[in-house]
Amino acid sequence: MAKPLKNLVQNHLGNVAIIMDGNGRWAKKNALKISKGHEKGVSIVKEIVEESINQKIKSLTLYAFSSENWGRPVQEINAIKNLIISAINDQVPELVEQSVELKFFGDVAMFGEDIISKIKYAESTTKFKNPSLKLNIALGYGGQQDILSVVRNISKDVLKGKVSLDNIDGALINRYSCVPESSIDLLIRTGGDKRISNFLLYQIAYSEICFLDSYWPDFSRLEYINCIEQYKKVSRRFGKRV
Ligand code: IPE
Ligand code: IPE
Ligand code: MG
């Protein structure tokens with residue numbers, strides 16, 4: 001993230017997104033199976049959700065599984081599938097208590113019937129008029145794949161006469177995209193790599209980005225608060241002369 005300038009007013013923080021990377025290396029470092037790294041990774045989410053509510057953040061969008069992660073060994077994928085099911089079973093009652101609205105996006109159909117029905121249950125049980133936080137989970141998501149599907153679906157509707165070329169604008173793109181938020185204020189990536197790995201390509205146009213060395217299972221509330229504090233002080237210019 002850029003060096004903070006002396007701003008008089010702190011930036012408002014609405015939408016946060018996190019690339020939760022480093023589970024595999026954390027497991028290796030601790031001489032554990034990769035699945036244990038993912039298990040520990042899931043357990044971290046609870047604290048980050050709690051802190052997001054404390055900070056009055058509007059939405060938290062987490063990268064849990066990318067389109068490209070389907071290329072991993074089948075045992076690892078199965079372990080992740082089981083973790084998704086147990087995380088939903090364990091966490092939904094608490095999310096309901098906290099008024100957190102849960103949404104999954106991406107090609108979730110690829111995960112099979114068991115997970116699809118769990119997702120339906122989780123989403124329908126966590127609907128609130130005024131949620132304390134919107135928690136969006138990217139599952140089987142790829143930014144390029146999403147853009148491709150937006151282009152295809154808008155084109156189809158243009159051919160059908162449902163959409164006119166003049167009406168194609170940013171708002172329409174957001175409606176056709178599977179991503180729940182139209183823009184991200186703060187993007188955090190743990191695990192030491194400084195790349196986007198096909199996450200929210202369209203929505204991070206003006207995000208502040210915080211790359212951290214910690215592996216996701218070691219990520220702490222304190223580090224999260226530090227990122228938020230840094231974000232609040234940055235001069236966000238959006239291309240303008242301010
Ligand atoms: C991120 O951790 C979780 C997923 C991609 C599912 P990794 O499993 O990518 O961890 P590293 O990068 O190998 O350490
Ligand atoms: C990004 O991490 C995907 C998730 C955190 C779910 P990866 O580990 O898949 O990304 P690369 O391979 O390091 O780019
Ligand atoms: Mg990784």
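Among Val74, Val108, Val96, the largest mean-square fluctuation in a Gaussian network model of the chain, built with springs joining Cα atoms closer than 10 Å, belongs to Val74. Charge dipole (Cα centre; +1 on Lys/Arg Cβ, -1 on Asp/Glu Cβ; no other charges) of the range 32-79 amounts to roughly 20 debye.
Classify the range 31-77: rounded, prolate or oblate, from the alpha-carbon gyration tensor (a ≥ b ≥ c, eigenvalue square roots; a/c under 1.5 rounded; otherwise prolate if a/b is larger than b/c)?
On the way: a/c = 5.53, a/b = 1.80, b/c = 3.08.
The shape class here is oblate.
By accessible area, using a 1.4 Å probe on protein heavy atoms only, the range 116-199 has 52% of its surface on carbon and sulfur.
Using per-residue counts of other Cβ atoms within 10 Å, averaged over each peptide, order 78-85, 196-203 from highest down. Each step should come with its number before you reach the end.
Numbers: 78-85: 16.9, 196-203: 18.6.
So the peptides 78-85, 196-203, ranked by packing, come out 196-203, 78-85.
So what is the 222 nm mean residue ellipticity for the chain from helices alone, if each DSSP H run of at least 4 adds -39500 (n - 2.57) and you divide by all residues, rounding to the nearest 500 deg cm²/dmol? Using -39500 (n - 2.57) per qualifying helix, the result is -13500 deg cm²/dmol. Rg over Rh for the range 113-239 works out to 1.01, both radii taken from alpha-carbon positions and Rh defined as the Kirkwood radius. Aspartates and glutamates within cross-link reach of Lys129: Cα-Cα under 12 Å, excluding same-chain residues under 8 positions apart? Cα-Cα hits under 12 Å: Glu101. Modelled this way, with points 7 Å down the Cα-to-C-beta line, the labels at Gln144 and Asn226 are 3.3 nm from one another.
P(r) tail for the range 116-185: Cα pairs beyond 18 Å make up 53% of the total. Applying a 4.7 Å Cβ-Cβ cutoff to the chain, the cysteines left without a disulfide-compatible partner are Cys178. Can you tell me how the range 1-125 classifies by the Cα gyration tensor, rounded, prolate or oblate, using a/c under 1.5 as the rounded cut? Judged from the Cα gyration tensor, the range 1-125 comes out oblate (a/c at least 1.5, b/c at or above a/b).
Normalised by the number of residues in the chain, the average gap of Cα pairs under 8 Å and 6 or more apart makes the relative contact order 32 percent. Between Leu60, Leu95, Leu148, which gets the highest mean-square fluctuation from a Gaussian network model of the chain, Cα cutoff 10 Å? Of the options given, Leu148 has the highest mean-square fluctuation.
Looking at the square roots a ≥ b ≥ c of the eigenvalues of the Cα gyration tensor of the range 150-208, which shape do they give, rounded for a/c under 1.5, prolate if a/b is larger than b/c, or oblate? Intermediate results must be reported in sequence, preceding the final value.
On the way: a/c = 3.89, a/b = 2.63, b/c = 1.48.
Prolate is the answer for the range 150-208, as a/c is 1.5 or above and a/b outweighs b/c.
The number of Lys pairs in the range 9-80 with C-alpha atoms less than 29 Å apart, excluding pairs fewer than 8 positions apart on the same chain, is 11. Solvent-accessible surface of the range 7-96, averaged per residue with a 1.4 angstrom probe and all protein chains in place: 51 square angstrom.
The values are calculated or read from the model by the stated rules, or taken from the named source; none is laboratory data. Since this is a predicted model, take the numbers as computed values, not measurements. Heads up, the Cβs are rebuilt from the backbone with ideal geometry, glycines too, and the neighbour counts pull from every protein chain shown. For accessibility, only protein heavy atoms count, side chains too; no ligands or nucleic acids. Shrake-Rupley method; radii C 1.70, N 1.55, O 1.52, S 1.80 Å.
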